[in-house]
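First the structure, in the form of structure tokens, and then the observations on it.
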Amino acid sequence: MLLKAIQEDVAAFLEHLRDHGIDSRSSARKLSCLRGFYKWLLLDRRTHHDPTVNIESPKAWKVLPKSLAEPEVAEMLERAGMAASHPQAKATALRDSAILELLYAGGLRVSEVTALSTGDLALDAGRMHVRGKGDKERIVPLGRAALGALETYLREGRPHLARISSRSKASAARKDASRQDPARMFLSLRGMPLTRQWVWHLVKLANNGASPHRLRHSCATHMVEHGADLRSVQLILGHADISTTQIYTHLALGRLKAVHRAHHPRAALRPGTVQSETQTPETRTFVKRTFGTRSFGKSGANGGPEKEVADREPENEPA
């Protein structure tokens, strides 16, 4: 039936979803699946047409990403750091602290963390080479806390995890050797590369309200709140379009309030405070630039000028 579907069938399917109260985001995902399916059919020469070509995706409301407050992140990282700094700290504690620091410091996706190899980290340069979606590569700078946790893990924790697999039986070791990636950065107790599900479980244990992607949102939000420009945040997160990064400006409410108070002419006035704007140097400069050297009388900018100021077109303005 799908092989014989036409554009009207796809449109009717989307209409059916809308009539039954399916969210527009869910409808858009279903349409995306159909597009991928018909793309495969065309490549495999099982069909000669794509009924989804001229179908527009349902418009979806943008959902603001959820982030953690800075004290929450600091408490979580400090707790993991204390466990890793214990004199009898296990290799897993060193690994867990390094993963949490990396998720927050670099804003990495969980799939990017599990795919990291030891050769991707440049400790002396303070950066990491990351492969993101679509095999796109980017350079992510890291802070001293993350670099310190990674250096300790690579020196004291990872060698121990890499040797654990050799303690098992010889037959099991040979079986696992074909699947083990010796260069993978984060290893399990069996010496195998960590999975995305395991990293998600680790973050949940550290903070029940957190997740790997929420730490990524927290990284971006806190950078914007502290004055980072969107272009830099886009490069760090690996967003293809800056419009994806702009969503974090809606989360940085503290930054927006500070900018508003610093630059809006009436933001500094408290309720009940009356201040004549014509008495401030800023307002006098504005009036001078706008109306020239002519001055207002007593009622000036409050009620209407005693000497009428005629409207005029700016000079030398092209028609």
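Things to note:
- Flag if Ser85 is touching a strand residue (DSSP E or B) at 6+ places or on another chain (Cβ under 8 Å) and under 26 Å from Ser211 (Cβ atoms): no
- Yes/no for Arg18 being surrounded by fewer than 15 Cβ atoms within 10 Å (Cβ to Cβ) and part of a loop (DSSP other than H, G, I, E, B): no
Each row is one residue, and each column tells you yes or no for (1) assigned to a loop (DSSP other than H, G, I, E, B); (2) out of contact with any strand residue (DSSP E or B) (no Cβ under 7 Å at 6 or more places or on another chain); (3) outside the structural domain of Met82 (by TED's automatic domain parsing); (4) closer than 20 Å to Thr152 by Cα.
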{"site": "Val113", "(1), (2), (3), (4)": "no, yes, no, yes"}
{"site": "Gly119", "(1), (2), (3), (4)": "no, yes, no, yes"}
{"site": "Gly134", "(1), (2), (3), (4)": "no, yes, no, no"}
{"site": "Arg138", "(1), (2), (3), (4)": "no, no, no, no"}
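- In segment 222-248, the residues that are in the same structural domain as Pro212 (by TED's automatic domain parsing) reach residues that are part of a loop (DSSP other than H, G, I, E, B) with C-beta atoms within less than 6 angstrom, at least six apart or across chains, in these pairs: Val224/Ala252; Glu225/Ala252; Ile236/Gly107; Leu237/Gly107; Gly238/Gly132; Thr245/His239.
- Residue count, segment 241-265 (criterion: touching a helix residue (DSSP H, G or I) at 6+ places or on another chain (Cβ under 8 Å) and in a loop (DSSP other than H, G, I, E, B)): 3
- In segment 66-87, the residues that are in the same structural domain as Arg155 (by TED's automatic domain parsing) reach residues that are surrounded by 21 or more Cβ atoms within 10 Å (Cβ to Cβ) and acidic (Asp, Glu) with C-beta atoms within less than 7 angstrom, at least six apart or across chains, in these pairs: Leu77/Glu101; Ala80/Asp96.
- For Pro212: the one exception among (1) exposed (fewer than 15 other Cβ atoms within 10 Å of the Cβ); (2) modelled with pLDDT of 85 or more: (1)
- Qualifying positions in segment 42-88 - of a type in the set (Val, Ile, Thr) and more than 22 Å from the chain's Cα centre (by Cα): Thr47, Thr52, Val53, Ile55
Matching residues to (1) closer than 14 Å to Leu108 by Cβ; (2) under 20 Å from the mean Cα position of the chain (by Cα); (3) of a type in the set (A, V, I, L, M):
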| position | (1), (2), (3) |
| --- | --- |
| Gly191 | no, no, no |
| Leu215 | yes, yes, yes |
| Ser218 | yes, yes, no |
| Ile236 | yes, yes, yes |
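- Restricting segment 184-214 to residues that are of a type in the set (A, V, I, L, M) and not in a loop (DSSP other than H, G, I, E, B), the residue that is farthest from Leu68 (Cα to Cα) is Leu187.
- Scanning segment 32-61 for residues that are among the charged types (D, E, K, R) and surrounded by fewer than 12 Cβ atoms within 10 Å (Cβ to Cβ) yields Asp44, Arg45, Arg46, Glu56, Lys59.
- Segment 75-107 - residue that is part of a helix (DSSP H, G or I) and among the basic types (Lys, Arg) and, of those, farthest from Gly126 (Cα to Cα): Arg79
- Taking residues in segment 140-164 that are in the same structural domain as Arg184 (by TED's automatic domain parsing) and over 20 Å from Ala74 (Cα atoms), and partners anywhere that are β-branched (Val, Ile, Thr) and surrounded by 15 or more Cβ atoms within 10 Å (Cβ to Cβ), the pairs with Cβ atoms closer than 7 Å and at least 6 places apart or on different chains are Val140/Val130; Val140/Ile236.
- Complete set of residues in segment 21-70 that are in a loop (DSSP other than H, G, I, E, B) and among the hydrophobic types (A, V, I, L, M, F, W, C): Ile22, Val53, Ile55, Ala60, Trp61, Val63, Leu64, Leu68, Ala69
The values are calculated or read from the model by the stated rules, or taken from the named source; none is laboratory data. Computed from a predicted model, the values in this text were never measured in an experiment. Note that we place each Cβ from the backbone using ideal geometry, even for glycine, and neighbour counts take in every protein chain shown.
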